[in-house]
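The values are calculated or read from the model by the stated rules, or taken from the named source; none is laboratory data. Being a predicted model, the structure only gives us computed values, none of them experimental. Please note: Cβ atoms are built from the backbone with ideal geometry, for glycine as well, and neighbour counts cover all protein chains shown.
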Amino acid sequence: MSKTNKNIRVVELFAGVGGFRIGLEGASDAFDTIWNNQWEPSTVHQDASLVYTARFGTKGHSNKDINLVPTKDIPDHDLLVGGFPCQDYSVATTLNRSGGIEGQKGVLWWQIYRILLEKGDARPKYVFFENVDRLLGSPSKQRGRDFAIILASLSDLGYIVEWRIINAADYGMPQRRKRTYITGYQSDSAIGRKLAQMNHWVLYDGVMAQAFPFTPREKSQSQFDIDGTIQEVSANFNKGGKDSPFGNAGMIWNRHVYSVDADAVYDGTGQTLGDNLVDEKFVPEEFFITEEELTKWQYEKGEKKINRVSKEGHEYVYKEGAIAFPDYLDRPSRTVITGEGGAAPSRFKHIVQTPSGRYRRLLPLELERLNMFPDNHTLHPEVTDGRRAFLMGNALVCGVVEQIGKSLFRFIYDEEPVSSRPIHIQREANPMLDFGLFAGNMQGNLVVNRPKKTYKLDETKHLLIAFVKPDNQDYFLAETPTKVYYTGKTKAFPSTIALNKLYYFMPYIKGRGVRDLYLIKIARIGRKSEIHPESNDNDPRLVFDLEYLESLPDYLPVHLNIMRTYTDTFAGRIFK
């Protein structure tokens, strides 16, 4: 239930286990998913649908082939989102073999188009889609044609569309997962009315640029038109071209394209594969690799030169380079793929070495963390560990959606978004999934070793220590990676503290002192009622959006020397 008077009604297609929903809810309480569809064709056991309804409930959930869902059965909405199926041109196959948008699952793009077209004047003001990065160059015989069709289709429906290929790891997230993100805005929408120059929007001012800053690559900017009917685009776009004309960032407005190649800019905290692993003692024995199997794993991960014969009968040498074995713990993980589950040796599955020297596969919980889902989001008595891994291979990185969702909200409402449902919070349906209802060996949730952050503590940065009222102590004692701190009313905040210099934050717990260190991500003016509407407290307050970094071994007593509520000091004074 939204706790804000702002409301963005969301319809989620190809919902999977709810990555879009988690990311958007983590961005703002304004995002309200009113209807969703998840259907896996040719599959009797609908694992993703089971997980989705266990976490979010059955209200508004459709587990039916979207081809068979009439548009009139889909409620009117403000934002249409979805990671439309990408198996035909994903990194799991070669471009020469990919069927592109004409492939068996690629045609589901036309279901999105059909819904938008048939909604007519009631079509949503905004769209937000995700797909593989290879979409921009698909198919191999006509580079960029598929993407040109998508852009032209949306442009003809009145949308201004921008895109970015984003590698989550470039912005501090724990997985090297590169995906294409597409956002569109009707020309008469709150966002559409803000647009002026295309190049400034893409480079600096737009939704994507504000969410994920970048620098343009030298001599990569271009502009061109996508002309003709959709059928003509399909037949003729870039015919004979060796390379796709689309850079990894850009936009289309009235069929005119501005394109550029972007290099990520980021100087914040980061996460690695090792930051997201649970302690070895919690890992079930079946995830460890036996001595007998180790040689097979080493072969799969190693360099290969294999003589093969093509269908036409000519001989060739298939070559494959070695990949890391075990996987590096001090950098973001490789891309999680659908084949991550199961004990059989594989080139693509992650293998880590534990402190004791043993090798093991990743737990489903760890795969969830690499996609920034809540711990055990896919845990369900009817879903196997192998299928849980498959679901994460199909999922997106929730943190990317969260950041784009925040940017969308800012552009729509011209204010900072507020969420009472950060992405790490477990979404539980009401009534909650009761594991006691099922026979078997279910042992409840495994919640251990919260993820860590990789960063360098700057002892010269200012640190604000602030008193936590007794009724808010439990909130700050809970081990969660994000927090929101509301100061006293602005007139009570001391003018001796220079806000533009504040960097770190530590909550002061009465009778204990300080322990936990946070990074101040955003300092803004807010109201207590934005999260606690029952308080009817609309007086302006300073609000800090916080990101957890680390804790002292024990509580350290300190003296609050400003109004007995605050202390402005330096990080080095506390951590040395």
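Out of all the residues in the stretch 235-248, is one or more within 22 Å of residue 156 (Cβ to Cβ), in a helix (DSSP H, G or I) and either assigned by TED's automatic domain parsing to the domain that holds residue 152 or not hydroxyl-bearing (Ser, Thr, Tyr) (or both)?
Yes, that holds for at least one residue.
Restricting to the stretch 377-428, count the residues that are among the basic types (Lys, Arg), assigned to a helix (DSSP H, G or I) and surrounded by fewer than 24 Cβ atoms within 10 Å (Cβ to Cβ). Explain how you work it out, then say what you get.
Taking the stretch 377-428 first, the residues among the basic types (Lys, Arg) are 387-388, 406, 410, 421, 427.
In the following step, the residues that additionally are assigned to a helix (DSSP H, G or I) were identified as 387-388, 406, 410.
If we keep only those that are surrounded by fewer than 24 Cβ atoms within 10 Å (Cβ to Cβ) as well, we get 387, 406, 410.
Adding up the residues that qualify gives 3.
In the stretch 537-564, which residue that is assigned to a strand (DSSP E or B) and over 25 Å from residue 451 (Cβ atoms) is modelled with the lowest pLDDT? Before the answer, list the steps.
Going residue by residue through the stretch 537-564, those that are assigned to a strand (DSSP E or B) are 541-556, 562.
From what's left, over 25 Å from residue 451 (Cβ atoms): 541-542, 562.
Details: 541: 91, 542: 92, 562: 88.
Among those that are assigned to a strand (DSSP E or B) and over 25 Å from residue 451 (Cβ atoms), it is 562.
If you go through the stretch 25-60, how many residues are assigned to a helix (DSSP H, G or I) and not aromatic (Phe, Trp, Tyr)?
11
If we scan the stretch 347-365, do we find a residue that is among the hydroxyl-bearing types (Ser, Thr, Tyr), surrounded by fewer than 18 Cβ atoms within 10 Å (Cβ to Cβ) and either over 16 Å from the mean Cα position of the chain (by Cα) or assigned by TED's automatic domain parsing to the domain that holds residue 54 (or both)?
So far as the stretch 347-365 goes, yes, one or more of its residues are among the hydroxyl-bearing types (Ser, Thr, Tyr), surrounded by fewer than 18 Cβ atoms within 10 Å (Cβ to Cβ) and either over 16 Å from the mean Cα position of the chain (by Cα) or assigned by TED's automatic domain parsing to the domain that holds residue 54 (or both).
So which of 479, 534 is modelled with pLDDT under 90 and in a helix (DSSP H, G or I)? Walk me through it before giving the result.
On the way: 479 fails: in a helix (DSSP H, G or I).
None of the other options fit; the residue is 534.
For residue 224, work out the one condition from (1) in contact (Cβ under 8 Å) with a residue 12 or more places away in the chain; (2) more than 26 Å from residue 187 (Cβ to Cβ) it doesn't fulfil.
So the condition that residue 224 fails would be (2).
Just a yes or no: is a residue in the stretch 309-324 touching a residue at least 40 places away in the same chain (Cβ under 8 Å), surrounded by 10 or more Cβ atoms within 10 Å (Cβ to Cβ) and outside any loop (DSSP other than H, G, I, E, B)?
So the first thing to find is which residues in the stretch 309-324 are touching a residue at least 40 places away in the same chain (Cβ under 8 Å), and the list is none.
Among the residues of the stretch 309-324, not one is touching a residue at least 40 places away in the same chain (Cβ under 8 Å), surrounded by 10 or more Cβ atoms within 10 Å (Cβ to Cβ) and outside any loop (DSSP other than H, G, I, E, B), which makes the answer no.
Which of the residues spanning the stretch 196-217 are in contact (Cβ under 8 Å) with a residue 24 or more places away in the chain, surrounded by fewer than 19 Cβ atoms within 10 Å (Cβ to Cβ) and assigned to a loop (DSSP other than H, G, I, E, B)?
213, 217
If I filter the stretch 6-24 down to residues being assigned to a loop (DSSP other than H, G, I, E, B) and closer than 21 Å to residue 63 by Cβ, which single residue comes out as farthest from the chain's Cα centre (by Cα)?
It comes out as 14.
Tally time: how many residues in the stretch 257-296 are touching a helix residue (DSSP H, G or I) at 6+ places or on another chain (Cβ under 8 Å) and part of a helix (DSSP H, G or I)?
1
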